[in-house]
Amino acid sequence: MPDFSLEATCWSRGLKTVAGIDEAGRGPLAGPVSAAAVILPSGFTCVGLDDSKRLSEKRRESIFEILTADPDVRWSLAFAEPDEIDSINILRATHAAMARAALGLGTRIDHCLIDGLAVPGFPMPHDGVVKGDGKSLSIAAASVIAKVARDRRMRKHALEFPHYGFDRHKGYGTKAHLEALRRHGPCPIHRRSFQPVSQLELWSGPDDTECA
């Protein structure tokens with residue numbers, strides 16, 4: 001279970017403001033990648049807070065509301081949209097979203113704990129923490145905010161593009177999603193640089209309304 005041990009190590013070095021950063025949505029064929037940055041107060045507790053992948057959707061939503069309603073929790077959210085992902089690749093787009101999330105906190109950050117490997121060129125001092133969402137409470141909080149925010153975006157996209165079932169699979173390459181892609185072609189939020197989307201003819205012409 002995540003705790004404050006990594007944050008406490010930073011605090012012991014005089015790094016008072018420590019942000020946890022995580023992303024959601026690197027793997028899907030459609031939609032943005034989201035990144036969240038979170039600063040938790042040292043005495044913060046939230047029963048059940050964990051890596052978002054270990055939580056049910058209902059529990060994630062509940063924890064999201066707790067985190068975002070707490071005035072002592074500072075948090076920021078950023079997205080990299082599909083066109084940015086296609087332009088610079090998913091890894092760089094993820095790093096860009098993480099940087100925007102950190103900068104969006106609007107306060108001096110002494111150190112960041114980033115889930116995964118260290119990020120080249122990141123604008124703030126940081127450590128990469130492999131599987132950090134299961135080790136650091138701040139990263140776990142960021143994982144929940146990033147995941148819930150992205151899922152909500154995909155549910156909205158499901159209303160815009162009803163043929164694809166984005167509310168169910170959130171853009172991941174499920175059997176139903178792949179079948180919808182074969183039938184209807186890509187829609188505007190599909191990542192053209194991802195296979196098998198890149199292998200399909202881009203949706204264009206008089207039948208564009210099929211995606212709407």
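The values are calculated or read from the model by the stated rules, or taken from the named source; none is laboratory data. Computed from a predicted structure; not experimentally measured. So basically every Cβ, Gly included, is an ideal-geometry build from the backbone, and we count neighbours across all protein chains shown.
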Just to be sure I understand the filter: pairs with C-beta atoms under 8 Å, separated by 6 or more residues or on different chains, first member in the range 142-166 and at positive phi, second member assigned to a helix (DSSP H, G or I). Which pairs pass? Gly165/Ala158; Gly165/Ala176; Gly165/His177; Gly165/Ala180
Among the residues of the range 115-150, what is the count of those that are closer than 13 Å to Leu77 by Cα and either surrounded by fewer than 24 Cβ atoms within 10 Å (Cβ to Cβ) or charged (D, E, K, R) (or both)? 3
Would you say Ala118 is assigned to a helix (DSSP H, G or I) and outside the structural domain of Gln195 (by TED's automatic domain parsing)? no
Of the residues Leu159, Leu181, which single one is surrounded by fewer than 15 Cβ atoms within 10 Å (Cβ to Cβ) and farther than 30 Å from Trp11 by Cα? Leu159
Does the range 3-52 hold any residues that are at positive phi and crowded, with 16+ Cβ neighbours inside 10 Å, and which are they? Gly25, Gly31
It is to be established whether one or more residues within the range 143-150 are more than 30 Å from Gly20 (Cα to Cα), of a type outside the set (Lys, Arg) and either within 16 Å of the chain's Cα centre (by Cα) or modelled with pLDDT under 95 (or both). no
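I'd like to check which helices (runs of 4 or more DSSP H) are fully inside the range 126-187 and have at least 3 residues that are hydrophobic (A, V, I, L, M, F, W, C).
Values: elements: 137-160, 166-169, 175-184.
Where helices (runs of 4 or more DSSP H) fall fully within the range 126-187 and carry at least 3 residues being hydrophobic (A, V, I, L, M, F, W, C), they are 137-160, 175-184.
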What residue, of Glu61, Glu7, Glu23, is within 14 Å of the chain's Cα centre (by Cα) and acidic (Asp, Glu)? Glu23
Here the qualifying pairs (Cβ atoms under 6 Å; residues six or more apart or on different chains; first in the range 122-135 and of a type outside the set (Phe, Trp, Tyr); second part of a helix (DSSP H, G or I)) come out as Pro123/Ala99; Met124/Ala102; Gly132/Ile139; Asp133/Ile139; Asp133/Ala140; Asp133/Ser143
Hey, any hits in the range 80-101 for a residue that's crowded, with 23+ Cβ neighbours inside 10 Å, over 26 Å from Cys187 (Cα atoms) and over 13 Å from the mean Cα position of the chain (by Cα)? no
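Residues are listed down the side, and each one gets a yes or a no for (1) without any contact (Cβ under 8 Å) to a residue 12 or more places away in the chain; (2) assigned to a loop (DSSP other than H, G, I, E, B):
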| position | (1), (2) |
| --- | --- |
| Gly27 | no, yes |
| Ala36 | no, no |
| Pro41 | no, yes |
| Gly48 | no, yes |
| Arg60 | no, no |
| Glu65 | yes, no |
| Thr68 | no, no |
| Trp75 | no, no |
| Ala78 | no, no |
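If you take the residues of the range 33-87 that are among the β-branched types (Val, Ile, Thr) and touching a Gly at 6+ places or on another chain (Cβ under 6 Å), which of them is nearest to Phe4 (Cα to Cα)?
Taking the range 33-87 first, the residues among the β-branched types (Val, Ile, Thr) are 33, 38-39, 45, 47, 63, 66, 68, 73, 85.
Remaining after also requiring touching a Gly at 6+ places or on another chain (Cβ under 6 Å): 33, 38.
On the way: Val33: 26, Val38: 13 Å.
The residue in question is Val38.
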Please verify whether the range 135-146 includes one or more residues that are more than 30 Å from Val197 (Cα to Cα), touching a helix residue (DSSP H, G or I) at 6+ places or on another chain (Cβ under 7 Å) and of a type in the set (D, E, K, R). yes
